[in-house]
1. Scan segment 47-73 residue by residue and report those that are more than 17 Å from Leu29 (Cα to Cα) and not in a loop (DSSP other than H, G, I, E, B).
2. Any residue in segment 112-134 that is closer than 18 Å to Gln28 by Cα sitting within a Cβ distance under 9 Å of a residue that is of a type in the set (Lys, Arg) and in a strand (DSSP E or B)? List the pairs, counting only those 6 or more apart or interchain.
3. Considering only residues that are within 15 Å of the chain's Cα centre (by Cα) and buried (at least 17 other Cβ atoms within 10 Å of the Cβ), look in segment 50-69 and name the one that is nearest to Gly104 (Cα to Cα).
4. Is it true that Arg88 is modelled with pLDDT under 95, over 27 Å from Val14 (Cα atoms) and not in a loop (DSSP other than H, G, I, E, B)?
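The values are calculated or read from the model by the stated rules, or taken from the named source; none is laboratory data. Predicted model, so just to flag it, every value in this text is computed and none were measured. When we count neighbours, we look across all protein chains shown, and the Cβ atoms used for this are built from the backbone with ideal geometry, even at glycine.
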Amino acid sequence: MSDTLVDTNVLIDVLYEDHDWAGWSQAQLRERRRRGGLVINPVIYAEVSCGFSSQRQADRAMSSAIYRREALPFDAAFAAGQAFLSYRQAGGARRSPLPDFYIGAHADFGGYFLLTRDPKRYRQYFPLLRIIAPDTHP
């Protein structure tokens, strides 16, 4: 068994009942929870919490009874910075590290699976990361 870091897009699919993706995301969350713990970090929490008017609502939606909350380890933050540097050297236009770099580095450093439906950047900058993603659009 192994724990899984849950990407923001999967949580948003479920919380907002996305027409195309909610079914896939719900099924994956159930399966990953059966196989180990589900993990979120402050970056994921911040991205998802934008849709709530209070912290209490966000906390209910991302219950600590379901999602283990972890801080971003400093080693993962360094790895995120290095991935961002590679991105910039390859012509990336953003001036500050994208949340995906923090999320990918946390999953990679923690030895977690990453549950996402947008694996492209993760695969490019974290090639050894174990990613769970759909093969095609549902």
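1. Start the filter on segment 47-73 by keeping residues that are more than 17 Å from Leu29 (Cα to Cα), which leaves 47, 49-59, 70-73.
Within segment 47-73, Glu47, Ser49, Gln55, Arg56, Gln57, Ala58, Asp59 meet the criteria.
2. Short answer, once both residue conditions are applied: Tyr112/Arg130; Phe113/Arg130; Leu114/Arg130.
3. Tyr67
4. On the way: modelled with pLDDT under 95: yes; over 27 Å from Val14 (Cα atoms): yes; not in a loop (DSSP other than H, G, I, E, B): yes.
So Arg88 fits the description; yes.
Yes/no matrix, rows are residues, columns are (1) at pLDDT below 95; (2) surrounded by 17 or more Cβ atoms within 10 Å (Cβ to Cβ); (3) not in a loop (DSSP other than H, G, I, E, B):
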| site | (1), (2), (3) |
| --- | --- |
| Pro97 | yes, yes, no |
| Phe101 | no, yes, yes |
| Gly104 | no, yes, yes |
| Asp108 | no, yes, yes |
| Leu114 | no, yes, yes |
| Asp118 | yes, no, no |
| Arg121 | yes, yes, yes |
| Pro127 | no, no, no |
| His137 | yes, no, no |
